[in-house]
Amino acid sequence: MMEIFTNRFLWGAVLSSFLAQLIKVMATLIKTGKFDFSRLVGTGGMPSAHSASVMTLTTMVGLSQGFDSPLFGVVAFFSLITMYDAAGVRKAAGEQARVLNVILDEIMKGHPISNVELKELLGHTPKEVLTGALMGVVIGVLLHFLWS
């Protein structure tokens with residue numbers, strides 16, 4: 001059980017996720033002049049912490065175990081699923097929630113419900129996912145050589 005505290009793969013992914021979230025906090029602080037704690041723990045935005053963390057893990061496993069190892073294949077596959085989900089399913093669910101909030105607001109005001117066309121994406125844009133993924137690869141390479 002104590003090995004969890006020294007697992008460089010786990011902590012590399014956690015560090016990468018934290019750094020991505022910290023970038024969101026700093027960007028919001030620069031943009032609005034206010035510290036928004038929700039950006040440290042919230043989802044969505046630039047860069048994708050999901051993508052950064054899974055790509056850090058994938059990169060570190062590939063560099064350590066080999067890019068032809070079964071473990072790399074498993075980690076890479078689940079990383080792709082995670083990034084696809086971040087840019088697809090979660091984005092659509094978020095957009096649907098936004099539209100439902102508009103509908104509820106209209107009902108509460110006694111106005112007719114607006115025709116709002118649903119978009120297929122929310123959560124993260126492809127650009128946010130790609131930026132997070134690239135950030136994760138860079139952090140993974142740096143940590144691999146730093147911790148090896």
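Scan the range 94-102 and give yes if some residue there is of a type in the set (S, T, N, Q), free of Cβ contacts under 8 Å to residues at least 60 places away in the same chain, more than 17 Å from Leu134 (Cα to Cα) and assigned to a helix (DSSP H, G or I), otherwise no. Please lay out each step first, then the result.
First pass over the range 94-102, keeping only residues of a type in the set (S, T, N, Q): 96, 101.
Imposing the further condition that a residue be free of Cβ contacts under 8 Å to residues at least 60 places away in the same chain reduces the set to 96, 101.
Among the residues that remain, those that are also more than 17 Å from Leu134 (Cα to Cα) are: 96, 101.
Next cut, assigned to a helix (DSSP H, G or I) only: 96, 101.
Yes, the conditions are met somewhere in the range 94-102.
Could you please let me know if Ala87 is at pLDDT below 95 and either buried (at least 19 other Cβ atoms within 10 Å of the Cβ) or over 26 Å from Ser148 (Cα atoms) (or both)? So Ala87 passes the test. Restricting the range 1-34 to residues that are small (Gly, Ala, Ser) and in a helix (DSSP H, G or I), the residue that is farthest from Gly136 (Cα to Cα) is Ala27. Of the residues making up the range 10-25, at least one is hydroxyl-bearing (Ser, Thr, Tyr) and either free of Cβ contacts under 8 Å to residues at least 60 places away in the same chain or surrounded by fewer than 18 Cβ atoms within 10 Å (Cβ to Cβ) (or both). Ser51 meets the stated requirement of being within 18 Å of Lys24 (Cα to Cα), of a type in the set (Gly, Ala, Ser) and at pLDDT 70 or above. Each residue in the range 1-53 was checked for being among the hydroxyl-bearing types (Ser, Thr, Tyr) and on the phi > 0 side of the Ramachandran plot, and 0 pass. Please verify whether the range 49-65 includes one or more residues that are β-branched (Val, Ile, Thr) and within 14 Å of the chain's Cα centre (by Cα). Scanning the range 49-65 turns up at least one residue that is β-branched (Val, Ile, Thr) and within 14 Å of the chain's Cα centre (by Cα). The conditions of being modelled with pLDDT of 70 or more and either hydroxyl-bearing (Ser, Thr, Tyr) or in contact with a Gly (Cβ under 6 Å, 6 or more places away or on another chain) (or both) are not met by Ser114. Based on this model, can you work out whether Leu146 counts as in a helix (DSSP H, G or I), modelled with pLDDT of 80 or more and within 19 Å of the chain's Cα centre (by Cα)? So Leu146 fails the test.
Just one of the listed residues (Val141, Val102, Val75) is closer than 26 Å to Lys24 by Cβ, of a type in the set (Val, Ile, Thr) and at pLDDT below 80, namely Val102. Inspect the range 6-26 for any residue being among the aliphatic types (A, V, I, L, M) and at pLDDT below 90 and give the result as yes or no. No. For Thr131, the requirement of being part of a helix (DSSP H, G or I), buried (at least 16 other Cβ atoms within 10 Å of the Cβ), at pLDDT 90 or above and out of contact with any helix residue (DSSP H, G or I) (no Cβ under 6 Å at 6 or more places or on another chain) is met.
The values are calculated or read from the model by the stated rules, or taken from the named source; none is laboratory data. Here the structure is a predicted model, which is why all the values come from computation and not from measurement. Neighbour counts are summed over all protein chains in view; Cβ atoms, including those assigned to glycine, are modelled from backbone coordinates with ideal geometry.
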